[in-house]
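The values are calculated or read from the model by the stated rules, or taken from the named source; none is laboratory data. Since we're looking at a predicted model, the values are computed, not measured. For neighbour counting, all protein chains shown are included, and Cβ atoms are generated from backbone atoms with ideal geometry for every residue, glycine included. These accessible areas exclude ligands, DNA and RNA; they are computed on the full protein's heavy atoms, side chains included. Shrake-Rupley method; radii C 1.70, N 1.55, O 1.52, S 1.80 Å.
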Amino acid sequence: MDLRIKMEQEEEERKAKGLLLQQSKKKGKTKKGKKSKGPTSPAPIAPAALTAEASVKPPAEDFEDRLDYTSLLLHRNLCRGLVRYIAALRQAKLLCDPPASITMFTTHQQRFEKRFEAFSTLYQPPSLSYEDYMRGSDFSAVQSKDLLASATECFRSGKGIVDWLLDVVVVESCDEATIDGTEKRKDDDFYISIRREEIMALAKVCVTNSLFLHKLASTTAGGKNPGSSKVSLEFKAHKQYCTLSIT
């Protein structure tokens, strides 16, 4: 697989593991004292202290932050998967480049700069340059099988996140007395950033694109020419993320 794709996946896994590790750690302070010369045994912990420590739970705001971050991971996986899926379709000659008339009155760089103009006022993180965008979206040196595998992995990871979100964002009919606010929330909670309806729509995007990616991979692996197939782009499942069907 292309080295750049591998590095992106390793970086994503490292950040996710770091977040989970950070959430699992409990903050505490230790007193500094002089070291004794002889060996010392650890002081016994009173049972009452163990009970108090076990009863400490993270605040509800931590769950909201974790839900926000996980939702962003889902959107990132969908964006990456779609970009690589489209690149794979172009390699298979199932999608053509935009017509030259699209740049009749402007250039691709001007279109890019105008679209991201709103982010230019932010100092951190630095704004993405057009050159970085071109390098990041150029998959001409990546083999088709690696590109298909990478796109499939993005949607597979996205489906895993969807399953977790559906488990922690429960339906409104659930008894609120049985819901722990640090682990789950009802769908009508004002403080959550994503609803079950949105999650289900994103699940359809992941599943549909994964199925047709598998079909494309099977066709190209079998040595068949997919040139006679047709691609349909639809926004029925979600208004922002498309599904690409191959018939």
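Scanning segment 154-172 for residues that are farther than 27 Å from residue 217 by Cα, assigned to a helix (DSSP H, G or I) and aliphatic (A, V, I, L, M) gives 165, 166, 168. Taking every residue in segment 125-153 that is of a type outside the set (Lys, Arg) and in a loop (DSSP other than H, G, I, E, B) and pairing it with any residue that is at pLDDT below 90 and open to solvent by 100 Å² or more (accessible area, probe 1.4 Å), at least 6 positions away or on another chain, the pairs with Cβ-Cβ distances below 6 Å are 127/119. Of all residue pairs spaced 6 or more apart or on separate chains, those with beta-carbon atoms under 9 Å, a first member in segment 104-124 that is over 17 Å from residue 134 (Cβ atoms) and a second member that is assigned to a helix (DSSP H, G or I) are 120/113.
Considered as a group, the residues in segment 161-213 that are small (Gly, Ala, Ser) and either touching a strand residue (DSSP E or B) at 6+ places or on another chain (Cβ under 7 Å) or open to solvent by less than 70 Å² (accessible area, probe 1.4 Å) (or both) include one that is farthest from residue 148 (Cα to Cα), and that residue is 181. Considering each residue of segment 230-242 in turn, none proves to be free of Cβ contacts under 8 Å to residues at least 60 places away in the same chain, surrounded by fewer than 17 Cβ atoms within 10 Å (Cβ to Cβ), part of a helix (DSSP H, G or I) and among the hydroxyl-bearing types (Ser, Thr, Tyr). For segment 77-97, the tally of residues that are in contact (Cβ under 8 Å) with a residue 12 or more places away in the chain, open to solvent by 70 Å² or more (accessible area, probe 1.4 Å) and more than 16 Å from residue 134 (Cα to Cα) stands at 1.
In segment 98-124, what count of residues is obtained for those that are part of a loop (DSSP other than H, G, I, E, B), open to solvent by less than 80 Å² (accessible area, probe 1.4 Å) and within 21 Å of residue 86 (Cα to Cα)? Walk me through it before giving the result.
Just the residues of segment 98-124 that are part of a loop (DSSP other than H, G, I, E, B), to begin with: 98-99, 104-107, 116, 122-124.
Keeping just the survivors that are open to solvent by less than 80 Å² (accessible area, probe 1.4 Å) gives 98, 106-107.
Imposing the further condition that a residue be within 21 Å of residue 86 (Cα to Cα) reduces the set to 98.
Selection size over segment 98-124: 1.
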